[in-house]
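A.B. asks: Right, I'll just put the structure down here and ask away after.
The values are calculated or read from the model by the stated rules, or taken from the named source; none is laboratory data. Keep in mind that this is a model prediction, so the values were computed, not measured. No Cβ is skipped: glycine too gets one built from the backbone with ideal geometry, and neighbour counts run over all protein chains shown. All accessible areas refer to the heavy atoms of the entire protein, side chains included, with ligands and DNA or RNA removed. Shrake-Rupley method; radii C 1.70, N 1.55, O 1.52, S 1.80 Å.
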Amino acid sequence: MTIRPASSAKHAALAPTLLILLITIVGVWLRFQRFGAIEVNIDQAYPIWQALMTLETGALPLIGQGTSVLFANPPLTGYLFVPVLAVVRHPAAPFVFTLMLNTLALPLVYRALRRQIGTRPALVAVALFAANPWIIEDSRRTWVQSLAPFFVVLIFWAIVPVLAGRTHRAARRLLVALIGLALFAHTYLLAYALLAPVGLLVLIYWRRVPLGPLLAGAAIFAMLAIPYGIGLARDWPNTRHRIEQFAEGDPSLSDEALRHALRLVTGAGYARERGTRAPANDAELRAELSDVASAVWNVAIFAGVIRAAWTLYRRRDADPRQRDAALILLIWFGVPVLLMSYVSRSVHPFYLLLTIPAGHALAGWGIAPLLKRRATWIPVLALVAGTVALNAVNTVRFAQQSAALPGEDAPELYPLAESSALGERFTTARRDAGMAVIGPMDEWMPVVLAGDVFRVERLDRFDTAALVPARGALYYSAAGPADPLPAPPPYARDAGSPLTLADGTVISLWTLHPDNLQISHPADIPSDISVRFAGWSLHRTPTPGAEFMLDTFWRIDGLHPDRGVWAFAPFAHLLDGTGARLAISDGTVIPALAWEAGDMIVQRHTISVPEGATGPFSFDVGLYDAVRQREDGTPGINAIFYITDGDETVFTPTIRLEP
């Protein structure tokens, strides 16, 4: 038996396979490393909240989260999370789902580009894509546009061979691309902009586009677009308002979109904007090295653009396959940039995810001539490896900073590990399933962290005024390392030990039930706003020159339909022995939209008695809306109470309390 050495041809064929495997491993690791440090905020929470509402209440929204630019997003991202959360009811599950799909983009980029620009340029392109920190960050999210890396690459991979006439499965690929486009467009409003490059390319290459799949794809798109349009029409006042706001802007030419499209290839600016406070303390060095690397790759991208343009200019002399590749890449990269270059608002980096992977392909194509000779491809390989390593470090530093400073942006944002721990505390402390959760986060966050649907109200402060639902509430608040611990709501009890994060941030939790309230002087006085005075308690006897506390209690009897414009707050006036007013204490407005019938409101007034004041002291209490106006135009509206005195009923804006 004769053993022959493997031929150089076999080695040459094996090398790209090993390289793409290595690049994929690096890309997967970068996307999943320090999984618990992924940041969770209200934007990441909204689609998960929507999915939980669908699972728990059967809600089927036609529109999704509102945008900061135009009208509401489509709702599909939330629906995609429904089966994930039906299987695993944990806030980490949707993050795993988006990471897995976005990681599939890595081999798709290589397969999409290899036949268009060549094996070696495609390897360069996918290496830049795999380690780009901006793309990695957007791959580690669950907001409405979280699946952009996957969908844009999937559409590119599926449709480019059809347009270039380089597939025997044109019908199947076109249908995959158009289904992907329909799905993507209905996860995220700006994804509709991808219709522009796709539509333009279909028009240019219409002879190669099978009509049947094209019509089928258009029908699927319409099936998703019609319900979304109905949802926008149902929300027409808000939709019209957002359109009018958008139209009011003063547009101007901007290079912001181009700069963002370039940074999605080069990684530019990431070291200056992310991970600057990582424990390694190397941000300045990384930023300077990134500036150099980005400048080199910008040259490569523009070289790729020039090469593509020259290929189109040559026309007759150029290889038809290269002409197709040049036109496709220029349109895919250029059209979204042009669409966002005449704008009236800021353009964010993730808007330009619509250009991937064309920018990476242009960078690879720009240096393709250098990859043909050993004397030049070895330095290029070193440049690629150095860029990947640098961008990888930048990515890791951001995760390290998030892990080291988990409470830096509390309570609006926590890393996933701390979010999960807080969600577990919500679950264990809410022994009664009917308990509400009240604190300084929007409705979506506590529901998502706990993986359960329950009543949530947002109150940023509650040390002097608290809402007490009929079935109780779990209150929570956070304090930074240098801040004093937050004060509990009146009459609240500790719900276990505080949750202490790695940077010293402390999250305190308390429970508050109606049974905890100590009403020394019960009362039962209704009002014209369906809020009943339920009694009061006095802490310390009023003494000249000293402070005392007065607690007043109010029960919500019913909900008025116009309560959304109310701003009622309890007040208390200290009166001396002659009835003269000595002091005024204005309470806290707890928004009426947070009320439910049966809730109690407790207001704690701290009042100072002036020196030399004479008693006996008394109080006038009531509810006052200082925001709205009376019919005669004078400011302020009082609630009117009905006090029964024998056979008579007295209508009064104040209730006299006498210790």
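A.B. asks: Rounded to two decimals, what is the ratio between the C-alpha radius of gyration of region 417-522 and 2.2 N^0.38 Å?
C.D. replies: Normalised by 2.2 N^0.38 Å, the Cα Rg of region 417-522 equals 1.04.
A.B. asks: Calculate, for Asp586 and Glu288, the FRET efficiency according to 1/(1 + (r/R0)^6) with r their C-beta to C-beta distance and R0 60 Å; round to the nearest 0.05.
C.D. replies: Once rounded, the FRET efficiency stands at 0.65.
A.B. asks: Follow-up question, since we're still on this one. With unit charges on the beta carbon (Lys/Arg positive, Asp/Glu negative), name the residue among Pro379, Ile556, Pro610 whose Cα is farthest towards the positive pole of the charge dipole of the chain.
C.D. replies: Toward the positive end, the furthest listed residue is Pro379.
A.B. asks: Sticking with this structure for a sec: Can you give the angle from 0 to 90° between the axis of helix 283-314 and the longest principal axis of the chain, with both taken from C-alpha atoms, to the nearest 10?
C.D. replies: Around 50 degrees separate the two axes.
A.B. asks: Any idea how far apart Ser618 and Arg458 come out in nm if each label point goes 7 Å out from Cα toward Cβ?
C.D. replies: Calculated label separation equals 4.3 nm.
A.B. asks: Nothing charged except the Cβ atoms of Lys and Arg (+1) and of Asp and Glu (-1): what's the magnitude of the dipole of the chain about its Cα centre? Round to the nearest 20 debye.
C.D. replies: 5820
A.B. asks: Apply the a/c threshold of 1.5 to the C-alpha gyration tensor of region 104-251 and tell me whether it is rounded, prolate or oblate.
C.D. replies: oblate
A.B. asks: On a 0 to 90° scale, report how tilted helix 76-87 is relative to the longest principal axis of the chain, with both axes built from alpha carbons and the result rounded to the nearest 10.
C.D. replies: Between helix and principal axis, roughly 80 degrees.
A.B. asks: Quick check: pseudo-label points 7 Å beyond the Cα along Cα→Cβ at Arg207 and Ala433, how many nm apart are they?
C.D. replies: Each label point lies 7 Å from its Cα, and together they span 6.6 nm.
A.B. asks: Would you calculate the separation in nanometres between label points at Ala59 and Arg111, each defined as 7 Å from the Cα along the Cα-to-beta-carbon direction?
C.D. replies: 3.8
A.B. asks: Add -39500 (n - 2.57) for each DSSP H run of 4 or more in the chain, then divide by its residues: what number comes out at 222 nm, to the nearest 500 deg cm²/dmol?
C.D. replies: Calculated from helices alone, the mean residue ellipticity at 222 nm is -15000 deg cm²/dmol.
A.B. asks: Whole number in Å², please: accessible area per residue of region 383-434, 1.4 Å probe, ligands, DNA and RNA not counted.
C.D. replies: Computed with neighbouring chains in place, this is 36 Å² per residue.
A.B. asks: Just name one of Gln33, Ala363, Gly587: the one whose Cα is farthest towards the positive end of the charge dipole of the chain (beta-carbon charges, Lys/Arg +1, Asp/Glu -1).
C.D. replies: Of the candidates, Ala363 comes out farthest on the positive side.
A.B. asks: Next question, about the same structure. Report the full-extension gain for the segment His348 to Val82: residue separation times 0.36 nm, less the Cα-Cα distance, to one decimal in nm.
C.D. replies: 92.9 nm
A.B. asks: For region 183-262, give the magnitude of the charge dipole about the Cα centre (Cβ charges: +1 Lys/Arg, -1 Asp/Glu; no others), in debye to the nearest 20.
C.D. replies: 440
A.B. asks: Same structure, new question: Rounded to the nearest Å, what's the spacing between the alpha carbon centres of region 340-385 and region 510-585? Just the number, please.
C.D. replies: 65
A.B. asks: Provide the gained length on full extension for the span Arg272 to Arg169, in nm with one decimal, where the gain is 0.36 nm per separating residue minus the Cα-Cα distance.
C.D. replies: Between Arg272 and Arg169, full extension yields an extra 32.5 nm.
A.B. asks: Can you give the Rg/Rh ratio of the chain, where Rg is from the C-alpha atoms and Rh is the Kirkwood radius?
C.D. replies: 1.09
A.B. asks: Continuing with the same structure: Can you tell me the length gained on complete extension of the stretch Glu547 to Ser252, counting 0.36 nm per residue apart and subtracting the Cα distance?
C.D. replies: 100.3 nm
A.B. asks: Next up: Can you give the FRET efficiency to the nearest 0.05 for Leu21 and Asp409, using r as the Cβ-Cβ distance and R₀ = 35 Å?
C.D. replies: Computed FRET efficiency for Leu21 and Asp409 comes out at 0.40.
A.B. asks: On to the next question. Suppose a student asked you for the relative contact order of the chain, using Cα pairs under 8 Å spaced at least 6 residues apart; what percent would you report?
C.D. replies: 12
A.B. asks: Rounded to the nearest 20 Debye, what is the dipole magnitude of region 16-166 about its Cα centre when Lys and Arg each give +1 and Asp and Glu each give -1 at the C-beta?
C.D. replies: 640
A.B. asks: Moving on to the next point. How would you classify region 481-602 from its alpha-carbon gyration tensor, with a ≥ b ≥ c the square roots of the eigenvalues: rounded for a/c under 1.5, else prolate if a/b is greater than b/c, otherwise oblate?
C.D. replies: Oblate shape, in that a/c is at least 1.5 and b/c is the bigger or equal ratio.
A.B. asks: Which of rounded, prolate or oblate describes region 171-283 when judged by the alpha-carbon gyration tensor and an a/c cut-off of 1.5?
C.D. replies: In terms of gyration-tensor shape, oblate.
A.B. asks: Same structure, new question: Projected onto the charge dipole of region 181-301 (+1 at Lys/Arg Cβ, -1 at Asp/Glu Cβ, origin at the Cα centre), which of Ala185, Ile301, Pro213 gives the Cα projection farthest towards the positive end?
C.D. replies: Pro213
A.B. asks: Still on this model: Whole number in Å², please: accessible area per residue of region 536-625, 1.4 Å probe, ligands, DNA and RNA not counted.
C.D. replies: 42
A.B. asks: For the Cα atoms of the chain, what angle does the longest principal axis make with the long axis of helix 416-429, in degrees from 0 to 90, nearest 10?
C.D. replies: Value to nearest ten degrees: 30.
A.B. asks: Among His513, His168, His241, His605, what's the order by accessible area (1.4 angstrom probe), most exposed first?
C.D. replies: His168, His241, His513, His605
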